[in-house]
Amino acid sequence: MLLVGQAGSGVVVCLVQLALQLARVEPKLAASLFFFSALLVVLVCRLLYSPIIFKSLGSLDGPTDEAEVNDETSPLLMHADLAHYLSLIKGPNAVDRMVLEIDPAARRNALLRAIMPYALTVVANVAVTLALFPGFASLLRSTSDTLISQPVFTAAVFLVFNLGDVLGRALAALLACIAPVIADDGSKYHARARVAVSLARVAFVPLFLALPLIAPDCKSSIVPRWTGAPPATVLLLVAVLAATSGMVASLAAKCANNVTINGRTILPEDRVVVGRVMTLATQLGLVVGAGVGVVFVGAATA
């Protein structure tokens, strides 16, 4: 639900932007109010999330009780007696499991192989989204100028995107509750399916490039423009882009934390590695998406 709240904070800021446009506030004053509203949302989120973050960090601390550290039943402390250790492990992959327990490098490599599909999912998902939003999306034009002004329409595009993002993340959370086998599955089959879905979102690119833009007479258009697209169609496409982005990202993050190595769940310290890899994947997706977005905006405004 933290991801849903993160997207919800964007909705608040976009509502402020839309209200300022509808009220026809002077541009400099509107920019200042918008900036301070965004800053206020950041501060409020910081206050609300701090207790949760500190609590989660505390759960990652190692055992502090001396008796707990010296527990003879700990597999990590019993690996010297290999015969006894193997006798405690059931299943066909007993030797592989033992190696993963006593060899940190082998365990780390196995973990990286397990979460790599979800990292690729995040890279592709973020790259496609950022390639189209916010840069290119800010150029989308309302074809009904008599009903809605261009500044209000642009504010509505941003609001609809954030609402779609909230919906997508909420659907992911709902799916995790009603169908945890599907939402939380960290198997190879579901991992590959996530990658396929994120790559399929590339189809949004030609759809967006065909929408009417503020500069409709641009001769460098990559694809023929559908200049008759009504505002409702444009907003619906933006909503679907955002909803799929939020849902795919949330499911990928959740499944990455539920991967298994040789049938065994990962340890708390492994989840730290998962978090770092997924963060790196997000940053890589941002870089790729921003680069592609600059190309699209440049071509549309040339």
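The values are calculated or read from the model by the stated rules, or taken from the named source; none is laboratory data. Predicted, not measured: the structure shown is a model, and the values here were computed from it. Here the Cβ positions follow ideal geometry from the backbone for every residue, glycine too, while neighbour counts run over all protein chains shown. Protein only, heavy atoms only, side chains kept; ligands, DNA and RNA dropped before computing areas. Shrake-Rupley method; radii C 1.70, N 1.55, O 1.52, S 1.80 Å.
On a 1.4 Å probe surface of the protein chains, which of Met247, Met116, Met278 comes out largest in accessible area, and what is the full order? Could you put the intermediate results ahead of the total?
Values: Met247 60, Met116 85, Met278 20 Å².
Putting Met247, Met116, Met278 in descending order of accessible area: Met116, Met247, Met278.
For Val287, the solvent-accessible surface with a 1.4 Å probe is about 100 Å², rounded to the nearest 10.
If R0 is 51 Å, what FRET efficiency do you get for Ala302 and Leu43 from their C-beta distance, rounded to 0.05?
Details: r = 40 Å, r/R0 = 0.78.
Once the sixth-power term is evaluated, E becomes 0.80.
Residues whose amide H falls under 5 Å from that of Leu213, counting only those 5 or more places apart or on a different chain, are Arg141, with hydrogens built in the peptide plane. Sorting the segments 289-295, 134-140, 149-155 by their residues' average number of neighbouring beta-carbon atoms within 10 angstrom, most packed first, yields 134-140, 149-155, 289-295.
Taking all protein chains together and rolling a 1.4 Å probe, Thr265 ends up with roughly 100 Å² accessible.
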